[in-house]
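Visitor: Below is one structure. I have some questions about it.
The values are calculated or read from the model by the stated rules, or taken from the named source; none is laboratory data. Computed from a predicted structure; not experimentally measured. Quick reminder, even Gly has a Cβ in these numbers, built from the backbone with ideal geometry, and neighbours come from all protein chains shown. Accessible surface is based on the protein model in full, side chains and every heavy atom, while ligands, DNA and RNA are left aside. Shrake-Rupley method; radii C 1.70, N 1.55, O 1.52, S 1.80 Å.
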Amino acid sequence: QWKLVESGGGVVQPGGSLRLSCTFSDSTFNSYAIGWFRRAPGKEREGVSCINMRYDKTNYADSAKGRFTISKDNAKKTVYLQMNSLKLDDTAVYYCAADAAMFRTGCQLSHTAMDYWGEGTLVTVSS
């Protein structure tokens, strides 16, 4: 069924930028959503941003608004997360996940709504 692979993590100084990529395959061709989540040490997993692959609707966590931008390339089966003005608190393992439910027109930032997960990519913001 679904397979998702993240890339683009690394070490960056505060105020710097990274672009994460999530490349995926799927077994259906209906509408679906891709979300970015993160887990920082000692914290629960939280949603960062998501996008509907068919209808382009997006959502952002308050912590990401104005700094992060999610985008997609349907032909490449890839979703990107452009992360600017990175802060120390952004340090986390970032995961992409798929809500593969049919007929989705938007997206949710709840991890319980996601059906498939990648292995994650580590982002470290350090001075």
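Visitor: Residues in region 36-90 that are open to solvent by 50 Å² or more (accessible area, probe 1.4 Å), under 16 Å from Leu18 (Cα atoms) and of a type in the set (A, V, I, L, M): how many?
Guide: Qualifying residue count for the region: 1.
Visitor: Within the set of pairs 6+ apart or on separate chains, which have a first residue in region 2-14 that is more than 14 Å from Gly35 (Cα to Cα) and open to solvent by less than 30 Å² (accessible area, probe 1.4 Å), a second that is at pLDDT 95 or above and not aromatic (Phe, Trp, Tyr), and C-beta atoms under 6 Å apart?
Guide: Val12/Leu18; Val12/Leu86; Val12/Val125
Visitor: From the list Asp89, Asp26, exactly one residue is touching a residue at least 60 places away in the same chain (Cβ under 8 Å) and more than 15 Å from the chain's Cα centre (by Cα). Which is it?
Guide: Values: Asp89 fails: touching a residue at least 60 places away in the same chain (Cβ under 8 Å).
Sole residue among the options that is touching a residue at least 60 places away in the same chain (Cβ under 8 Å) and more than 15 Å from the chain's Cα centre (by Cα): Asp26.
Visitor: Next question, about the same structure. Considering only region 29-45, state which residues are over 14 Å from Lys77 (Cα atoms) and either basic (Lys, Arg) or free of Cβ contacts under 8 Å to residues at least 60 places away in the same chain (or both). Give the steps one after another, and end with the answer.
Guide: Taking region 29-45 and keeping what is over 14 Å from Lys77 (Cα atoms), we get 36-45.
Selection gives Arg38, Arg39, Ala40, Pro41, Gly42, Lys43, Glu44, Arg45.
Visitor: Please name all residue pairs, on different chains or six or more residues apart, with Cβ atoms under 8 Å, provided the first residue is in region 93-120 and is of a type in the set (Asp, Glu) and the second residue is open to solvent by 50 Å² or more (accessible area, probe 1.4 Å) and assigned to a loop (DSSP other than H, G, I, E, B).
Guide: Asp99/Gln108; Asp99/Asp115
Visitor: Suppose we keep only residues that are farther than 11 Å from Arg38 by Cα and outside any loop (DSSP other than H, G, I, E, B) within region 115-127. Which one would you say is modelled with the lowest pLDDT?
Guide: Of the residues in region 115-127, the ones farther than 11 Å from Arg38 by Cα are 115-119, 124-127.
The next check asks that each one be outside any loop (DSSP other than H, G, I, E, B); those that pass are 116-117, 124-125.
Values: Tyr116: 92, Trp117: 95, Thr124: 98, Val125: 98.
My answer is Tyr116.
Visitor: What strands (runs of 3 or more DSSP E) completely inside region 1-114 contain at least 3 residues that are out of contact with any Cys (no Cβ under 9 Å at 6 or more places or on another chain) and basic (Lys, Arg)?
Guide: none
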